[in-house]
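Worksheet for the structure shown next.
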Amino acid sequence: MIEIQNLTKQFPTKEGPITVLDSVSLTIEDGDIYGIIGLSGAGKSTLIRCINMLERPTHGSVIVDGKDLTQISMKEVRAMRSRIGMIFQHFNLLEQRTALGNVCFPLELAKVGKKERVERARALLKTVGLADKENAYPSELSGGQQQRVAIARALATNPSYLLCDEATSALDPSTTVSILELLKEINQTMGVTVVIITHEMKVVESICNKVAVLDHARIAEAGEMAEIFCNPTSGIAKSLILPEKARENPVEGRVRLRLLFNGEKTFMPVVSQLILKIKTPVSIVFADMKDIDGKMYGHMVIEVEDNEDAIREVCAHLDEEHVAYVRKGA
Ligand SMILES: Nc1ncnc2c1ncn2[C@@H]1O[C@H](COP(=O)(O)OP(=O)(O)OP(=O)(O)O)[C@@H](O)[C@H]1O
Ligand SMILES: [Mg+2]
């Protein structure tokens, strides 16, 4: 478990100290895929760098597995770091080394014998789907493949935690999905707790079970992903989750419903089924849905006539199909 308590980080500038993180508190439980989302400059990278003491907090504590990293020696911090892997937006691989050489690197630092480290690195390259690329140099690999090597390298020391700072921001949408799926698999099969920093809601909504929204150095809201996704309360979370158009009030005489898909539902033509069943017009105001491995993620805003019977029927149909929804403008 990672407990961040009242963490404040200031940087000195010519104009005096600036506060980049202001009394941030968060609990990341074992097994979480925890998303930290915010606009550029919100303090996300600084926060993730404070978790492994790449930046030292000005005040507050970072407690990893019961140990406060702000209170222990640098030597102990270094030992703790082997339990916290990290990946970055631009992969940060060693260009002079092959994929295998990159994954072996942290094992060399940890003084693992040659035979064992090559075996372990090969196994990790297999886990990330690159068994056939061990002799390739970073320049010979695509962005997605380089990030896979970086993930294998981050996992080399068998960490309990994997910190990801904008790990998919340099990748195209389909490569992004495949890397997120890999992170999810690592979380589920290896039991690694994953912390994901991003400015993109779609990254968080597709794999995170918890989310914290960071806004101007402070946590605007934090909690279960599904809860915040359904009912964002802060202005910043609303604007990240719902584009302007989806937040408008319905026109007179219409009611809006936001339908939510969290991957539990396999693909189905929800709206067409609804229209067939209730025989009243349903318009789609906004939709941002993804089909990942046949499962639906995202949300959709629909409008129906403001007629209690029709609304009741719509809600009954959604309940029957186990589609979560939030009603607006009733
Ligand atoms: N070493 C530093 N010295 C002074 N200011 C800094 C330093 N590092 C970061 N900052 C400032 O802290 C603020 C937060 O930076 P940070 O990199 O944590 O933001 P971010 O949320 O990761 O942004 P982005 O999405 O653009 O990566 C910014 O205003 C930045 O200029
Ligand atoms: Mg950043």
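The values are calculated or read from the model by the stated rules, or taken from the named source; none is laboratory data. From a predicted model like this one, the values you see are computed outputs, not experimental measurements. Cβ coordinates were reconstructed from backbone atoms using ideal geometry, including for glycine residues, and neighbour counts include every protein chain displayed. Heavy atoms of the whole protein, side chains included, go into the accessibility calculation; ligands, DNA and RNA do not. Shrake-Rupley method; radii C 1.70, N 1.55, O 1.52, S 1.80 Å.
Computed values, structure above
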read-out	value
Estimated inter-spin distance, Ser239 and Ala110, nm [label 7 Å along Cα→Cβ]	4.3 nm
Rough spin-label spacing in nm, given labels placed 7 Å along Cα→Cβ, for Ala136 and Glu181	1.7 nm
Of the trypsin sites (Lys or Arg not before Pro) in the stretch 31-134, those whose Cβ has at most 13 other Cβ within 10 Å and which sit in DSSP loop	Lys111
With Cα atoms, 0 to 90° folded angle of helix 114-127 axis to the chain main axis	10 degrees
Contour excess over end-to-end distance, with Cα ends at His59 and Thr27 and 0.36 nm allotted per residue	9.8 nm
The chain: translational diffusion in µm²/s, Stokes-Einstein, Kirkwood Rh over Cα pairs, 10 °C, 1.306 mPa s	73 µm²/s
Heavy-atom accessible area per residue - the chain, 1.4 Å, Å²	47 Å²
Over 20 Å between alpha carbons, listed pairs Lys111/Lys184; Lys184/Lys290; Lys245/Lys328; Lys202/Lys245; Lys44/Lys210	Lys111/Lys184
Partner lysines for Lys14 [C-alpha distance under 16 Å; skip if fewer than 8 residues away on the same chain]	none
Å³ per residue enclosed by the Cα convex hull of the stretch 244-328	81 Å³
Distance between modelled label sites at Arg327 and Thr13, nm, 7 Å Cα→Cβ extension	4.8 nm
Once the Cα gyration tensor of the stretch 189-261 is diagonalised, semi-axes √(5λ) in Å	27, 15, 10
At most 11 other Cβ within 10 Å, DSSP loop - GluC sites (Glu not before Pro), the stretch 63-114	Glu95
Mean residue ellipticity (222 nm) of the chain, computed from DSSP H runs ≥ 4 via -39,500 (n - 2.57), nearest 500	-10500 deg cm²/dmol
The stretch 162-224: GluC sites (Glu not before Pro) in DSSP loop, at most 16 other beta carbons within 10 Å	Glu200
